[in-house]
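To start, the structure itself, in structure tokens.
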Amino acid sequence: MEDTPITFNDLKLNTPLYNALDDLGFKHPTPIQAKAFNMVASGKDVVGIAQTGTGKTLAYLLPVLKNLPYSTQTNPRVIILVPTRELVVQVVEEAEKFSKYINHRILGVYGGVNMNTHKQYVAQGVDILVATPGRLYDLAVSRALQLKSVQKVIIDEVDIMLDLGFRFQLLNIFDLLPERRQHIMFSATMTTEVGVLIEEFFIAPQTITIAVSGTPLDNIEQQRFDVPNFHTKVNLVEGLITEKEVYKKVLIFVAYKRMADKLFELLDERFYGECCVIHGNKTQNYRLRSIEQFEEGTHRILIATDVMARGLDITNISHVINFDTPEYPENYMHRIGRTGRAEQLGHAILFSTPKEQDFKEAIEALMQTKIPVSQIPHHIKISDELLEEERDKIKERHNPLKAAHVEERGEAFHEKKDKNKKTNQGGSYRREITKKYKKPKTRGDKNYNKHNKKKRR
């Protein structure tokens with residue numbers, strides 16, 4: 001009986017939800033959805049540790065939607081906090097799909113949109129509010145949003161949220177919430193910061209762990225290339241993605257925003273109209289449009305930084321290319337988790353420079369498996385050109401144009417000449433006064449000055 005997969009019928013949902021699931025063709029819940037349903041529905045605090053792509057969003061949405069009765073009140077009863085604007089849009093879309101036959105008011109708010117616009121939306125009434133911590137806090141402080149009716153607080157991708165520096169806003173939001181509330185938290189990794197947050201605010205939380213971080217996914221084929229520098233990486237990427245029939249939908253991860261822009265410029269010359277890029281410096285509309293175009297297949301290649309692409313649910317990604325080796329091995333797991341979903345075979349490719357070998361070894365240690373190495377194809381040009389960041393720093397000696405180092409400077413070592421040993425003794429008048437009266441009698445003596453003024457009159 002244990003091997004028999006459970007269905008959504010086993011979760012005892014209501015008819016509106018079953019109708020929505022049927023419309024979407026959902027039959028069987030994922031492991032985290034099956035485990036989380038009763039825990040979240042019970043009203044107890046819940047902590048879920050699961051990789052991206054395991055169905056976390058639906059794991060908390062189903063029990064929330066089932067147990068949220070119809071209400072005409074204005075203030076939200078459920079708050080869902082996510083780290084990025086893109087995730088707000090994504091969670092709102094998911095919630096609207098599953099509440100198709102339920103009369104719930106769902107609203108998403110995030111930074112980059114005029115505050116007054118969001119104030120107007122909030123004033124119209126909302127049941128489930130999906131928000132970034134910054135915008136939620138701003139709305140609450142301005143008193144446009146009342147949090148007194150909140151029953152459930154869901155924090156999704158909390159590890160990213162803390163990485164982005166949202167701890168301050170989270171703590172302040174918790175202070176504004178009513179004391180009696182349910183906490184539901186989902187994270188891909190259990191970090192020290194996440195642990196501190198749980199210990200501080202959660203009451204005897206139930207823990208769900210699915211696909212512990214570091215476990216390689218069986219349906220993802222991995223390979224790596226040892227690449228000397230940035231420009232060789234570009235040449236290799238170009239050589240690989242030329243095969244459009246194989247590389248149908250490619251997500252390329254780059255560590256830094258500046259590198260992402262540079263890579264986009266170079267690839268766009270070769271594959272014009274097929275590439276798009278997202279990172280924190282791009283406008284909200286540009287980012288959403290890029291994701292939409294990539295999802296729909298208008299663009300075949302998406303270049304992204306870690307934070308921007310974390311948590312995004314993009315379907316049918318054929319290849320994930322790690323343009324650089326991430327410093328933290330967990331990030332590698334998050335990256336490759338974008339492909340190989342829904343039991344489809346995925347492909348993950350890792351580029352490693354000589355300086356990144358330690359990071360590569362840390363990834364292999366975490367996964368407890370070696371990533372097979374492949375040779376760079378002969379037709380790929382190995383570039384000698386280095387970026388400024390890749391060049392070794394050369395220390396120049398005895399450069400007359402540069403000042404001496406600060407540490408080499410010190411006190412004068414020679415004896416001063418007699419003429420330079422003089423001390424400032426004041427002018428001749430002051431010295432004469434000092435000799436005669438021992439101290440300047442008129443200096444600071446208010447009474448003396450007052451008497452003298454009277455005499456003069």
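Every read-out reported here was derived from the displayed coordinates using simple, explicitly stated rules and does not represent laboratory data. Source: prediction; values computed, not measured. Heads up, the Cβs are rebuilt from the backbone with ideal geometry, glycines too, and the neighbour counts pull from every protein chain shown.
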(message) Test of the criteria: in the stretch 263-323, which chymotrypsin sites (Phe, Trp or Tyr not before Pro) are in a DSSP loop and have at most 12 other Cβ atoms within 10 angstrom of their Cβ?
(response) 272
(request) Could you bin all the Cα-Cα distances of the stretch 1-131 into 5 Å bins starting at 0 and give me the percent of pairs in each, rounded to whole numbers? (result) 2, 9, 19, 22, 21, 14, 8, 4, 1, 1, 0, 0
(request) Can you tell me what the convex hull of the Cα atoms of the stretch 13-67 projects to on average, as an area in nm²? (result) 3.8 nm²
(message) I need the fraction of alpha carbon pairs in the stretch 105-160 separated by more than 20 Å, rounded to a whole percent.
(response) 18 percent
(request) Tabulate in residue order the Karplus-calculated ³J(HN,Hα) for the stretch 360-367, using 6.51 cos²θ - 1.76 cosθ + 1.60 with θ = phi - 60°, rounded to whole Hz; enter x for Gly and Pro. (result) 4, 5, 5, 5, 5, 5, 5, 7
(message) Explain nothing, just compute: Karplus ³J(HN,Hα) = 6.51 cos²θ - 1.76 cosθ + 1.60, θ = phi - 60°, for every residue of the stretch 346-354 in order, whole Hz, x for Gly and Pro.
(response) x, 10, 10, 10, 10, 9, 10, 8, x
(request) Assuming R0 = 22 Å, can you tell me the calculated FRET efficiency for the pair residue 15 and residue 119, based on Cβ-Cβ distance, to the nearest 0.05? (result) 0.05
(request) With N set to the residue count of the stretch 220-390, report its C-alpha Rg divided by 2.2 N^0.38 Å to two decimal places. (result) 0.97
(request) Go through the stretch 296-304 residue by residue and turn each phi into a ³J(HN,Hα) via Karplus (6.51, -1.76, 1.60, θ = phi - 60°); whole Hz please, and just put x for glycine and proline. (result) 6, x, 4, 10, 8, 10, 10, 9, 8
(message) Amide H of residue 48 versus every other amide H placed in the peptide plane: which residues, excluding those fewer than 5 positions away on the same chain, fall under 5 Å?
(response) 185, 186, 187, 208
(request) Identify, among 131, 101, 30, the residue whose Cα sits farthest towards the positive end of the charge dipole of the stretch 8-210, taking +1 on the Cβ of Lys and Arg and -1 on the Cβ of Asp and Glu, with the dipole about the Cα centre. (result) 101
